Amino acid sequence: MQSLKAALPVEISQAIDSLNSLNLQEIRLRTNRPTTVLYYGKKYFLSANGITADVKNAISVSYKDMENFVMTACQHSLHSFAEQLSKGFLAAFDGVRIGLCGTFVIENGISVSIKEISSLNIRIPREVKGCSIDALPHLTNPIANVLILSKPGAGKTTFLRDLIYQTSFLQNPPNVLIADERNEISGSSEGKIKYNLGNFCDVISMADKVFAFRCGVRTMTPDVLACDEICCNDLEELKQVSECGVKLFCTIHGQDICDIKHSAFITSFLDIFDRFVILSNERKIGEVVGIYDKKFSRLDR
């Protein structure tokens, strides 16, 4: 958090000093428009004195402020982060993911760069040790193929991170391979893992998930493959991984049991997964509101 604060415009950095950093989830910067934060799961404007509901008191940042922040996040080498920038994100400051909006440069139908950045969404990762403990008996006895669902910002990655950590205390702990495409799960830097994921995990970070699936399963012989925010393009690869006897811990965007039953996107994964964990952030990040099996029977009553 300190390295992030040092990179932010001074007025923004000073304003968030008055907040409880453990409950600050997002900072949204928009050029010459009010800065907003997601704080305790609710949206507020950011003022010089902290949060406010009055847009008139909100801080704004200039285009130059945005440029300076992005340059710092890229360690003053846009070339080194060109691939990330072309995909509309930056992984910086030990696991912080920064979403970018602006003018994308398209060549032959493929995004190759971004310029004139107009918006930044700074998502601040958290560890919530123990948030998966109550769910553990339903997911690891025996180890199941687990799909974790929630709306954005409700704690999917936080729950996944803790689930990986908790498996290291099982009687026969599995080797977990983490396909960390955007470096949010592990926060890896210089060969070190920022977050405590236990003693039995290996991380492939900043690589395309399909590459991690194919390369990692062959070379690391994991018992469990963990990855964040799967999509339709991952379906066939995940099937092959599962058929190899490797268990899956994955997350996906979804709202509730109705999505599991009826969303065409999610139902395409039903043949693979045995357990479905639905999360909410109504009261706290990563709160479990339901665990279901393949027959949609609730297990955590």
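The values are calculated or read from the model by the stated rules, or taken from the named source; none is laboratory data. Small disclaimer: the values here were computed from a predicted structure and weren't measured. Using ideal geometry, Cβ is built from the backbone for each residue, glycine included, and neighbour counts are taken over all protein chains shown. Just so you know, the surface numbers come from the protein's heavy atoms only, side chains and all, with ligands and any DNA or RNA stripped out. Shrake-Rupley method; radii C 1.70, N 1.55, O 1.52, S 1.80 Å.
Considered as a group, the residues in the range 22-42 that are assigned to a strand (DSSP E or B) and in contact with a helix residue (DSSP H, G or I) (Cβ under 8 Å, 6 or more places away or on another chain) include one that is farthest from residue 126 (Cα to Cα), and that residue is 31. Answer yes if at least one residue in the range 135-150 is touching a Lys or Arg at 6+ places or on another chain (Cβ under 7 Å), touching a residue at least 40 places away in the same chain (Cβ under 8 Å), open to solvent by less than 20 Å² (accessible area, probe 1.4 Å) and among the hydroxyl-bearing types (Ser, Thr, Tyr), and no otherwise. Taking every residue of the range 135-150 in turn, at least one turns out to be touching a Lys or Arg at 6+ places or on another chain (Cβ under 7 Å), touching a residue at least 40 places away in the same chain (Cβ under 8 Å), open to solvent by less than 20 Å² (accessible area, probe 1.4 Å) and among the hydroxyl-bearing types (Ser, Thr, Tyr).
Of the residues in the range 89-106, none is small (Gly, Ala, Ser), at pLDDT 90 or above, within 17 Å of residue 116 (Cβ to Cβ) and touching a Leu at 6+ places or on another chain (Cβ under 6 Å).
Checking residue 215 against (1) touching a helix residue (DSSP H, G or I) at 6+ places or on another chain (Cβ under 6 Å); (2) closer than 29 Å to residue 90 by Cα, which single condition isn't satisfied? Of everything listed in (1) touching a helix residue (DSSP H, G or I) at 6+ places or on another chain (Cβ under 6 Å); (2) closer than 29 Å to residue 90 by Cα, residue 215 misses just condition (1). Scanning the range 114-128 for residues that are open to solvent by 60 Å² or more (accessible area, probe 1.4 Å) and part of a loop (DSSP other than H, G, I, E, B) yields one hit, 127.
Once the range 93-105 is narrowed to residues that are touching a residue at least 60 places away in the same chain (Cβ under 8 Å) and of a type in the set (A, V, I, L, M, F, W, C), the residue that is least open to solvent (accessible area, probe 1.4 Å) is 96. What residue, of 46, 19, is part of a loop (DSSP other than H, G, I, E, B) and within 30 Å of residue 156 (Cα to Cα)? So the residue among 46, 19 that is part of a loop (DSSP other than H, G, I, E, B) and within 30 Å of residue 156 (Cα to Cα) is 19. Filtering the range 239-265 down to residues that are crowded, with 17+ Cβ neighbours inside 10 Å and within 19 Å of the chain's Cα centre (by Cα), which residue is nearest to residue 218 (Cα to Cα)? Going through the qualifying residues, I end up with 248. Scanning the range 266-301 for residues that are in a loop (DSSP other than H, G, I, E, B), within 20 Å of residue 235 (Cβ to Cβ) and open to solvent by less than 50 Å² (accessible area, probe 1.4 Å) turns up 268, 269, 270, 272, 273, 274.
Scanning the range 50-77 for residues that are open to solvent by 80 Å² or more (accessible area, probe 1.4 Å) and not polar (S, T, N, Q) gives 53, 56, 63, 64, 76.
Taken over the range 1-20, the criterion of being open to solvent by less than 50 Å² (accessible area, probe 1.4 Å) and within 18 Å of the chain's Cα centre (by Cα) is satisfied by 4 alone. Applying the condition of being over 16 Å from the mean Cα position of the chain (by Cα) and not in a loop (DSSP other than H, G, I, E, B) to the range 166-202 and asking which residue is surrounded by the fewest Cβ atoms within 10 Å (Cβ to Cβ) yields 192. If the condition is being among the polar types (S, T, N, Q) and in contact with a helix residue (DSSP H, G or I) (Cβ under 6 Å, 6 or more places away or on another chain), then the range 71-100 contributes only 72. Taking residues in the range 6-26 that are in contact (Cβ under 8 Å) with a residue 60 or more places away in the chain and of a type in the set (Asp, Glu), and partners anywhere that are surrounded by fewer than 19 Cβ atoms within 10 Å (Cβ to Cβ) and part of a strand (DSSP E or B), the pairs with Cβ atoms closer than 7 Å and at least 6 places apart or on different chains are 26/121.
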